[in-house]
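Since the structure comes first, as structure tokens, the remarks are kept for the end.
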Amino acid sequence: MRDEGEWWATAVVYQVYVRSFADSDGDGVGDLAGVRSRLGYLELLGVDALWLSPVYPSPGVDHGYDVSDPRDVDPLFGTLDDFDGLLSDARRHGLRVIVDLVPNHTSDQHEWFRAAVSAAPGSPERSRYHFRREPNNWQSVFGGPAWTRVDSDSAHSEWYLHLFAPGQPDLNWAHPEVREDLEKTLRFWCDRGVDGVRIDVAHGLAKAEGLPDDRRQPGWTVVEEDAPDPRFDQDGVHEVHRLIRGVLDHYPGRMAVGEVIVRDDARWSAYVRPDELHLAFHFGLLNCAFAADEIRECIDRTLAAAGPAPAVWTIANHDVPHPATRYGSVERARAMALVTLALPGTAYLYNGEELGLPDVDLPDSARQDPAFRLSGGAELGRDGYRVPLPWEGEAPGYGFTTGTPWLPMPSSYGELTAADQLEDPSSTLSLYRQALDLRKQHPAFTGDQVEWFGAPEGCLAFRRVGTTLVCALNTSDRQVPLPPGDVLLTSGDLTDCGDLPPNTAAWLA
Ligand code: GLC
């Protein structure tokens, strides 16, 4: 049995992509007052906590993941008072709040980086980042070289490292002030009362010693595709995670969940050792196709990698296509929601997932993600799954804004509004509400492990060990009989003879 204080071990957390959630002032961009106005909806949905995407002062080249001051709120989203108001209102609705910290890099408008650019090569100001006389061959995650040149008119010009956009210079984690500043930021938000932090790019907080060339990249003498990535998952990151844990341990009930993108499961496991992150996203399930065998293998791998730490399940976030698009249909997305919410551990939902929203095919002129521009259009970027949420009504804006939404909302979103779905017992929103209610109320949603039943080809069925809860999924193209038990919930109608149709999941007990 887990300690009551470990609320995060089983919680369902709802990711609010603040820009796209609810706009209170008609500027077309969601804000904190907008989130505040929709807390009743989140309570009705039945989630336990919200994770707010970054709302700190930022030029917005990566929509808030380029932070110029980690201890304030950008006027676009409101003020620190709005934040405090949101926090206390959230409490009244029984919701906890997690903030998103971005320690791998700052904005190029952060005072440290501005000072670094104004200072001379070799200066202490530059030592908080990675400045070099010559760049190495590293590539940015968004496409193109990971280095940009400064003071190019001088004979002593240097280049700085940015694993993401040029407006996101990477911090030098070997520098003591960089560490002290993160401790300060953690205390700042914990003192305000947040319940946890998400650590962005948690696998990036140390670079390979000496910044050697990437042997996997063209330009290296003989390209070695399997060589380790010198940009990420260096042993030095663990010291930083111990530092984060050291601060959080002074605040009972608070937690850190890391974005950990590491392929090797043994290396991944190291991030959730008892003195490091409380939780980490594994992303195995997120990258799985809608195929029972693959899903089953991903579930086993994720549970094994987490070991004694709670597993974190997610099928959606602001960086991947919406499940209704990725899996090929909303029926499949609904089935996967039941699989995810039946598993032991904690589950993270992404706003709009509960409405079954599909991606939006935007015109290039509307695209804002740096990944689109920096890849020269080879990547369409992530805007298509960041389009604002349709709340109500028939008119464009759909209750998200009275102004012009920052990304165009298609008329098809008018048929998927939260208001309409609340009234419709067969809607995706109603399915999520029932699933979350059962997960909270039904005694069978306990236990840390799953056991597998034999299932027809293209299907899977598991039970939570020590309980009666069974989840069955049919990814084949034939209807199949259900395992024994009373049906608690299905993601779609059963056939007339009570079989589980294709693209459908069921909970039984
Ligand atoms: C993480 C975020 C992503 C962001 C990147 C750089 O992967 O989830 O949205 O672009 O970090 O901060």
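The values are calculated or read from the model by the stated rules, or taken from the named source; none is laboratory data. Keep in mind the model is a prediction, meaning the values are calculated, not measured. Cβ atoms come from the backbone with ideal geometry, glycine included; neighbour counts cover every protein chain shown. Ligands, DNA and RNA are excluded from the accessible area calculation, which covers all protein heavy atoms including side chains. Shrake-Rupley method; radii C 1.70, N 1.55, O 1.52, S 1.80 Å.
Listed values, structure above:
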{"read-out": "q = 0.15, 0.19, 0.20, 0.21 Å⁻¹: log10 I(q)/I(0) that the Debye formula gives for segment 111-161, counting C-alpha atoms only", "value": "-0.39, -0.61, -0.67, -0.73"}
{"read-out": "Value of Rg/Rh across segment 27-177 [Cα atoms, Kirkwood radius]", "value": "1.09"}
{"read-out": "3J(HN,Hα) from dihedral phi, segment 497-508, Karplus parametrisation 6.51/-1.76/1.60, rounded to Hz, x for glycine, proline", "value": "8, x, 7, 8, x, x, 6, 9, 10, 9, 10, 10"}
{"read-out": "Cα pair distances of segment 447-508 binned at 10 Å [whole percent]", "value": "25, 56, 18, 1"}
{"read-out": "FRET efficiency, Arg263 to Asp364 (Cβ-Cβ, R0 30 Å, nearest 0.05)", "value": "0.40"}
{"read-out": "Prolate/oblate/rounded label for segment 117-269 (Cα gyration tensor, a/c 1.5)", "value": "oblate"}
{"read-out": "Gap separating the Cα centres of segment 443-509 and segment 379-420, nearest whole Å", "value": "34"}
{"read-out": "Area projected by the alpha carbon convex hull of segment 398-509, averaged over all directions, nm²", "value": "9.7"}
{"read-out": "Relative contact order of the chain, pairs being alpha-carbon contacts under 8 Å that are 6 or more residues apart, as %", "value": "13"}
{"read-out": "Value in Å of the Kirkwood radius, where the chain supplies the Cα pairs that are averaged", "value": "23.8"}
{"read-out": "Rounded to the nearest 10 Å², the accessible area of Ser20 at probe 1.4 Å", "value": "0"}
{"read-out": "Extended-chain gain in nm, criterion 0.36 nm per residue less alpha-carbon gap, Asp235 and Thr404", "value": "56.2 nm"}
{"read-out": "Cut-off under 5 Å, modelled amide H: who pairs with Gly403 long-range", "value": "Gly26, Gly28"}
{"read-out": "In order through segment 231-246: 3J(HN,Hα) via Karplus (6.51 cos²θ - 1.76 cosθ + 1.60), integer Hz, x for Gly, Pro", "value": "7, 10, 6, 8, 3, x, 4, 5, 4, 5, 5, 5, 5, 4, 4, x"}
{"read-out": "Amide proton proximity set for Asp74, modelled H, under 5 Å, gap of 5+", "value": "Tyr56"}
{"read-out": "C-alpha long axis of helix 428-441 to longest principal axis of the chain, angle in °", "value": "80"}
{"read-out": "Residue-wise HN-Hα coupling along segment 221-229, computed from phi with Karplus coefficients 6.51, -1.76, 1.60 (Hz; x: Gly, Pro)", "value": "2, 10, 4, 10, 4, 8, 5, x, 7"}
{"read-out": "Where labels lie 7 Å past Cα in the beta-carbon direction, separation of Ala291 and Ser152 in nm", "value": "4.5"}
{"read-out": "Amide H contacts under 5 Å for Trp51, placed H, 5+ residues apart", "value": "Tyr14, Gln15, Val16, Ile98"}
